[in-house]
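To keep things clear, I will list the structure first and then write my remarks on it.
The values are calculated or read from the model by the stated rules, or taken from the named source; none is laboratory data. Here the structure is a predicted model, which is why all the values come from computation and not from measurement. Because the Cβ atoms are built from the backbone with ideal geometry, glycine has one as well, and the counts that use them run over all protein chains shown.
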Amino acid sequence: MDRDILGELQVLGLPPADARPPNTRDECDISVLIGSDIYWSVVSGAIRRLPSGLTAVETSFGWMLQGKIAHATPAASSVVTTLTLAHGPADACPGFTPADMWKLDAIGITDTCDDPDVVHPALQLFEDLVSHTGSRYQVPLLIKHSCLGTLVDNRTLAESRLRAQLRRFRGHPDLMEQYHATISEYFTEGHAERVPEAPGTPENIYYLPHHAVVRREAVTTKVRVVFDASSHVGSNPSLNDVLHKGPNLNADLLRQLVSFRCYPLVLTADIRKAYLQILIWPEDRDALRFLWIAAPPSTDCQSPAIHEWRMTRVPFGAASSPFLLAATLRHHFASMAATYPATVERLRHAFYVDDLVLGAASDVDGLKLYRDAVAVLAEAGMDLRKWASNSPVLHQQFLANGISYASVSQQDTIKVLGLLWHRPTDEVTF
């Protein structure tokens, strides 16, 4: 405490609550932290105005000070620099360079790159088992070999979750209709199938609880089905516990954002229902079972029958799903490199999950990229949609083909990699 302020208290005969020696700078530990619930149990309510402008408040511990001081005594500080020189033979640290020293400052704040010569086990397993059916790719679910047969029957849990969700839907009939329509689309488009009646018990059976995620800002799918692959019974493993998550194969997000602004013309798009364009091996589909009702509840039938289904495509919510999508694109681009060498080289670094961001130097260049990208992805059974560009020429081309983002939404501001992009003025905001 400042000596002058302490003197003011002494003149008034007010013993301070903080009895440290005057003008000491050492920090003291907090002995008691007084909450607002007992504040007035220790504060009497008596106050005294000091000449310095501070207010002294009487407490059970003495008088404490409140208010603004005119100046603060700067705390003493010192800087110590230690330089250590080590003398030794030049070959004491083979391969070590001075640059390795200042790289230490970046530990923990920069990404570490995997050794390009070391193939991740999940990637090796994927490359060994991926196949093309003639219309689209078929991939394994990537269950760890050591976990085969460890999944337990969780049907009772999945049914309990389903019934709880149906009860919640009673107060939201419109949401119930949308959710049922979304799941029914799985059946009509072949994204899911009825569990076949086959002799014997599959090695890996797991029932995926699921719930609705409403995205009111979305311009296409407003209600998404999200599967809970982390659900488990007791201490038994969940589906996500037994899946290879794989390495992160997505392009660097910062590089994507910088590339987005490096070209005078920009083209953006995304893959329509990207996960659902990839088939899952039939042998792995019983680990992707789920329950759903035959029809929405009605006054005539409050408890419709529950049917067992299983996903035939990569589900949204499984731990391996992001890797399976990225690995499939990576594999596909490698297979198309001979046919579209220049475009494929651009596409390799232009995707972030299912979002495509391309730059072009001219309308001619942009139009070629657009046509080639559509053709390349079509070979994988994938449809690029929601095309948008800051080029009026390209924008009109998209409109003519009926696939522009503007053909879905009349809004000129769209999201690109998390940023808001106003297409007509080509301005990016946060």
(request) Out of LEU356, LEU291, report the one residue that is of a type outside the set (D, E, K, R), under 30 Å from VAL374 (Cα atoms), in the same structural domain as LEU257 (by TED's automatic domain parsing) and part of a strand (DSSP E or B). (result) LEU356
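Looking at the stretch 366-387, which of its residues are part of a helix (DSSP H, G or I) and touching a residue at least 60 places away in the same chain (Cβ under 8 Å)?
Across the stretch 366-387, the qualifying residues are GLY366, LEU369, TYR370, ALA373, LEU377.
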(request) State the number of residues belonging to the stretch 195-225 that are out of contact with any strand residue (DSSP E or B) (no Cβ under 6 Å at 6 or more places or on another chain) and at pLDDT 95 or above. (result) 2
(message) Out of LEU358, LEU254, I need the residue that is more than 26 Å from GLU193 (Cβ to Cβ), under 25 Å from the mean Cα position of the chain (by Cα) and free of Cβ contacts under 8 Å to residues at least 24 places away in the same chain. Which one?
(response) LEU254
(message) So, ALA19, is that one touching a Gly at 6+ places or on another chain (Cβ under 8 Å), assigned to a loop (DSSP other than H, G, I, E, B) and modelled with pLDDT under 70 or not?
(response) yes
(message) Suppose the filter is touching a residue at least 24 places away in the same chain (Cβ under 8 Å) and either part of a loop (DSSP other than H, G, I, E, B) or under 30 Å from GLU127 (Cα atoms) (or both); does LEU267 pass it?
(response) no
(message) Among the listed residues HIS307, HIS331, identify the single one that is within 23 Å of PHE126 (Cα to Cα) and not hydroxyl-bearing (Ser, Thr, Tyr).
(response) HIS331
(message) Whether any residue in the stretch 170-192 is surrounded by 13 or more Cβ atoms within 10 Å (Cβ to Cβ), under 30 Å from ARG346 (Cα atoms), without any contact (Cβ under 8 Å) to a residue 60 or more places away in the chain and not basic (Lys, Arg) is what I want to check.
(response) no
(message) If the requirement is being at pLDDT below 90 and basic (Lys, Arg), which of these qualifies: LYS368, LYS415?
(response) LYS415
(message) Can you pull out every residue in the stretch 240-268 that is over 30 Å from LYS144 (Cβ atoms) and either among the small types (Gly, Ala, Ser) or in contact with a His (Cβ under 6 Å, 6 or more places away or on another chain) (or both)?
(response) SER259
(message) Regarding the stretch 260-271, can at least one residue be identified that is among the acidic types (Asp, Glu), assigned by TED's automatic domain parsing to the domain that holds MET382, under 20 Å from the mean Cα position of the chain (by Cα) and modelled with pLDDT under 90?
(response) no
(message) Could you go through the stretch 61-77 and let me know if any residue there is at pLDDT 80 or above and of a type in the set (S, T, N, Q).
(response) yes
(request) Take the stretch 244-269 and flag every residue that is farther than 21 Å from ASN204 by Cβ and crowded, with 21+ Cβ neighbours inside 10 Å. (result) VAL266, LEU267, THR268, ALA269
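Residues checked against (1) within 13 Å of PHE260 (Cβ to Cβ); (2) surrounded by 15 or more Cβ atoms within 10 Å (Cβ to Cβ):
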{"site": "ASP354", "(1), (2)": "no, yes"}
{"site": "GLU379", "(1), (2)": "no, yes"}
{"site": "VAL393", "(1), (2)": "no, no"}
{"site": "ILE414", "(1), (2)": "yes, yes"}
{"site": "THR425", "(1), (2)": "no, no"}
(message) in contact (Cβ under 8 Å) with a residue 60 or more places away in the chain, within 24 Å of PRO264 (Cβ to Cβ) and out of contact with any Pro (no Cβ under 6 Å at 6 or more places or on another chain): is that true of SER320 in this structure?
(response) no
(request) Evaluate the following for TYR207: is it closer than 21 Å to ALA287 by Cβ, crowded, with 18+ Cβ neighbours inside 10 Å, in the same structural domain as VAL416 (by TED's automatic domain parsing) and in contact with a Phe, Trp or Tyr (Cβ under 7 Å, 6 or more places away or on another chain)? (result) yes
(message) What's the total number of residues in the stretch 41-68 that are more than 18 Å from ARG3 (Cα to Cα) and among the small types (Gly, Ala, Ser)?
(response) 5
(message) Checking LEU276 against (1) in contact (Cβ under 8 Å) with a residue 60 or more places away in the chain; (2) of a type outside the set (Asp, Glu); (3) closer than 23 Å to LYS415 by Cα; (4) part of a loop (DSSP other than H, G, I, E, B), only one condition comes out false. Which one?
(response) (4)
(request) Mind checking which helices (runs of 4 or more DSSP H) fall wholly inside the stretch 142-261 and carry at least 1 residues that are within 30 Å of GLY359 (Cβ to Cβ)? (result) 253-260
(message) Going residue by residue through the stretch 331-348, is there one that turns out to be in contact (Cβ under 8 Å) with a residue 60 or more places away in the chain, assigned to a loop (DSSP other than H, G, I, E, B) and of a type outside the set (D, E, K, R)?
(response) no
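Looking at ASN240, is it in the same structural domain as VAL357 (by TED's automatic domain parsing), in contact with a Leu (Cβ under 8 Å, 6 or more places away or on another chain) and on the phi < 0 side of the Ramachandran plot?
No: the conditions fail for ASN240.
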